[in-house]
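Here is the structure we will look at.
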Amino acid sequence: MPLFRRSRDRQYQQAARLLSEGRTEEAAEKLREFLARHPDDSNAMVSLAVALVQVQKEPTLDSSNTQEALALLDQAADLNPRDPVAVFNKGVCQRTLGLLTEALESFEAALEIEDRLPLAILHMAEINYEMENWEKAVELARLALVRDPGIEGALTWVPEAMKNAGYMDEEGNVVNAPWEEANPDG
């Protein structure tokens, strides 16, 4: 999911470049200037929200940057309710803050807008893994992989989740997996 939508505005392009270079504070300043001229640009709001979270070494819920980021994401979602980017990024922000239940809700809301978001599904799988919901984690990991086979490298935790769910024995053989019952010959 692209962080920045294409924009011909030079200031916006500079902000995108600065953020990609890791110059987050400068990017945030350019985005603020851009939003002063274009106050209803939901993409710039999302980009500024991401920058405000990234600029913090350890984001906390009570931080003014975090509060502003969450408000920007809500505002962007309200301005553009058919675009899942703001809702998805709110989930990422919430996950960063350790608000796992809220993050799951945001990712689910993003999927209601656009059901083909493998990264949202991957985040949900990882959160369920972190919460030790093994079966749900494995189910979501399988779905994310079907939607985007390129994410396989991010699924290093799946064998452990499968063992904990009782879907894999100690030798690494798949056993008792619900998807195996539908096709017992593999």
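The values are calculated or read from the model by the stated rules, or taken from the named source; none is laboratory data. What you are looking at is a predicted structure, and each value in this text was computed from that prediction instead of being measured. Cβ placement follows ideal geometry from the backbone for every residue including glycine, while neighbour counts extend to all protein chains displayed.
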- Among (1) touching a residue at least 12 places away in the same chain (Cβ under 8 Å); (2) buried (at least 19 other Cβ atoms within 10 Å of the Cβ), which single condition is M168 missing? (1)
- Which is modelled with pLDDT under 95, part of a loop (DSSP other than H, G, I, E, B) and surrounded by fewer than 22 Cβ atoms within 10 Å (Cβ to Cβ), of R17, R8? R8
- Does any residue in region 14-36 that is farther than 16 Å from A69 by Cα come within less than 6 Å, Cβ to Cβ, of a residue that is part of a loop (DSSP other than H, G, I, E, B) six or more places away or on a different chain, and which pairs are these? A16/F4
- Within region 78-91, restricting attention to residues that are more than 17 Å from H123 (Cβ to Cβ) and surrounded by 15 or more Cβ atoms within 10 Å (Cβ to Cβ), which residue is farthest from the chain's Cα centre (by Cα)? L79
- Task: At least 3 residues that are in the same structural domain as A16 (by TED's automatic domain parsing) in each: list the helices (runs of 4 or more DSSP H) lying fully within region 54-172 that qualify.
- Result: 64-79, 85-96, 100-113
- Selection count, region 55-69, where residues are crowded, with 19+ Cβ neighbours inside 10 Å and not β-branched (V, I, T): 1
